[in-house]
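Read-outs throughout are calculated quantities, based only on the coordinates presented, and are distinct from any laboratory measurement. Note that the structure is a prediction, hence the values are computed from the model and not measured. All Cβ positions, glycine included, derive from the backbone under ideal geometry; neighbour counts span all protein chains shown.
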Amino acid sequence: MSSPAPLGHQNVDRKIVERPDTVRPRFGGLRHADRLGSGLLVAPSILSADFARLGDECAAALAAGGDLLHVDVMDGHFVPNLSMGPAICAAVHKALPDACLDVHLMVTDPAAYIEPFARAGAAHITFHIEVAPDPRAIIDAIHTRGLSAGLAINPDTPAEAILPFLGDVELALVMSVYPGFSGQKFIDRVLPKTRALRDAAPVGVRVQMDGGVAPDSAPACRAHGCDLIVAASAIFGRSDYAEAIRALR
Ligand code: DX5
Ligand code: ZN
């Protein structure tokens with residue numbers, strides 16, 4: 001009579017059988033991870049673009065050296081502003097099918113928007129821990145679509161809130177402003193959280209800073225372990241996008 005398999009083995013076998021369709025991509029998802037590599041990335045946030053010329057603005061930001069495009073989605077409930085939905089994301093994807101679209105969900109019900117943004121061409125989706133009682137279910141839904149997943153924390157949320165999930169995601173986002181608007185001042189007291197997340201995260205997990213990042217705050221972000229910088233006004237608010245992106249690196 002053979003002895004029973006150790007408990008851990010049983011768990012691993014069962015997990016593989018139950019989730020045959022779940023693929024763990026790196027940041028950028030199955031379509032973009034290889035091209036993005038592992039160095040510092042700069043993500044122009046289209047929230048400060050000229051919406052009347054959005055396709056041209058996105059193309060210009062990428063031609064100027066932006067590595068990907070950050071798409072800020074606001075529902076007027078989780079944050080006090082409305083911004084853009086899947087239709088805008090789909091339009092950008094149609095105009096620039098090779099662009100990596102990094103969707104930042106600032107919405108109260110993130111689970112409801114995974115499928116619409118996956119269909120709209122998103123490569124990556126980040127959602128907020130403050131509105132996710134069961135983050136792993138949302139992470140699984142993102143991964144099942146071949147996208148990478150991120151967890152975000154607001155300025156007043158401790159890093160500890162997402163530490164248990166760092167092994168499950170490809171990105172941790174630290175908000176350095178209160179979410180809702182571009183053009184706010186960088187809150188430097190979040191920097192120790194960035195460092196704590198970088199130190200705790202497995203190799204390959206991106207640490208993203210979002211809010212008020214400009215040439216004067218970017219060096220501190222990088223020094224605290226951030227390897228993905230988001231900037232809206234510091235890029236789209238300038239006349240020379242290439243110079244603006246160079247100044248952030
Ligand atoms: C804020 C958004 C940010 C915003 C950044 O709620 O999540 O991505 O676009 O804008 P800047 O870089 O101007 O602070
Ligand atoms: Zn954002």
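Structure above, values below:
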read-out	value
Region 199-249 - charge dipole about Cα centre, Lys and Arg +1 at Cβ, Asp and Glu -1, debye rounded to 20	80
Length-normalised contact order for the chain - Cα pairs under 8 Å, 6+ apart - percent	21
In nm, spacing of pseudo-spin labels at ASP188 and ASP56 (7 Å Cα→C-beta vector)	3.9
Assigned charges on the beta-carbon of Lys, Arg, Asp, Glu; region 103-157 dipole about Cα centre (debye)	240
Three-way shape call for region 118-249 based on the alpha-carbon gyration tensor, with the a/c threshold at 1.5	prolate
Under 5 Å, built H, 5+ apart or other chain: amide partners of SER45	HIS70, ALA231, ALA232
Inter-part distance where region 229-246 and region 49-74 are each reduced to a Cα centre, Å	10
Mean separation of Cα contacts under 8 Å, 6 or more apart, over the residue count of region 146-249: relative contact order %	24
Region 112-198: relative contact order in percent, alpha carbon pairs under 8 Å with at least 6 residues between	25
Protection proxy ranking, peptides 34-45, 59-70, average beta carbon neighbours within 10 Å, highest first	59-70, 34-45
Electrostatic dipole magnitude of the chain [Cβ: Lys, Arg +1; Asp, Glu -1; Cα centre; debye, to 20]	420
Cα gyration tensor shape for the chain, rounded if a/c is under 1.5, else prolate or oblate	prolate
Unit charges at the beta carbon, dipole of the chain: most positive-side option, HIS128, ALA52, HIS224	HIS224
Helix-derived mean residue ellipticity, 222 nm - over the chain, DSSP H n ≥ 4, -39500 (n - 2.57), to 500	-9000 deg cm²/dmol
